Structures are given as C-alpha cells and as structure tokens.
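Please treat every number below as a calculation from the coordinates, not as lab data. Only a predicted model underlies this, so the values are computations on that prediction, with no experimental measurement involved. Here the Cβ positions follow ideal geometry from the backbone for every residue, glycine too, while neighbour counts run over all protein chains shown.
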Amino acid sequence: MTGTPPTAPRDVLVRNLWASPAVFVTAAFTAFNAVGTDLAVRVGWACYAAGWLPPILAVAVCAARKQRPGMGGAAAAAVLAVFGALFWLNHS
C-alpha cells in the first residue's frame, strides 16, 4: 500500500503557523464589520497585528533549520498584506 510518508510533529507545527494568519484575519474582520464599535475596531487592529507573529515565528524556525519557507510563507504574507490594506482603506 502506498501513501504519503508520516509527517513529523515539527513539520505540522510549522504548517499550522503558516496557516494561522487566516484565524487572526477572520477575527479582525469580525471585529471590524460585525461589531463595529470603537473598541471593536481597536481589538480588530490588535488581532490583525497579532496575526503577523506566527509567520515571523515560522520564518525563524525555517531559518534555524536552514530551510526555505516555501509557498506557506508567501501565502501567509500575501493574506496579511492584502487584508491589512483592505482594513486600512476601510477604516482610515
């Protein structure tokens, strides 16, 4: 039987770090649009800013392992950059 090789727990951790900006962007979007109060807007910006921490940690892990970030790094940065621009345009 052929299949994919088992994934090491460290690889799963890094993949989850790359994917986690989606959670932070969703929380920020909800705060900005569903709630909309001044406090919610501040919380939304805090959630958005916190979304940059997991990809930065993933880059550090990749650098320590001497690996390239791959598409996960590009996708995480693109999601954060695009939604950051949209949030800024909507709330400036």
Relative contact order of the chain, pairs being alpha-carbon contacts under 8 Å that are 6 or more residues apart, as %: 33
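Let a ≥ b ≥ c be the square roots of the eigenvalues of the Cα gyration tensor of the chain; is it rounded (a/c under 1.5), or, if not, prolate (a/b larger than b/c) or oblate? Mind dumping the intermediate values first?
Details: a/c = 2.84, a/b = 2.29, b/c = 1.24.
It is prolate, given that a/c is not under 1.5 and a/b is the larger ratio.
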Asserting the computed 222 nm helical MRE of the chain (DSSP H runs at least 4 long, -39500 (n - 2.57) per run, divided by residue count, to nearest 500) equals -23000 deg cm²/dmol
Counting other Cβ atoms within 10 Å, keep those with at most 10, restrict to DSSP loop, and tell me which trypsin sites (Lys or Arg not before Pro) in region 15-92 are left. LYS66
Neighbourhood charge, 15 Å Cβ-Cβ cut-off, centred on CYS62 and excluding it, Lys, Arg +1 and Asp, Glu -1: +4
Tell me the label-point distance for the pair LEU53, LEU39, using the 7 Å Cα-to-Cβ offset, in nm and rounded to one decimal. 2.1
Work out the length of the dipole vector of the chain about its Cα centre, built from +1 on the beta-carbon of each Lys and Arg and -1 on the beta-carbon of each Asp and Glu, and round it to the nearest 20 debye. 360
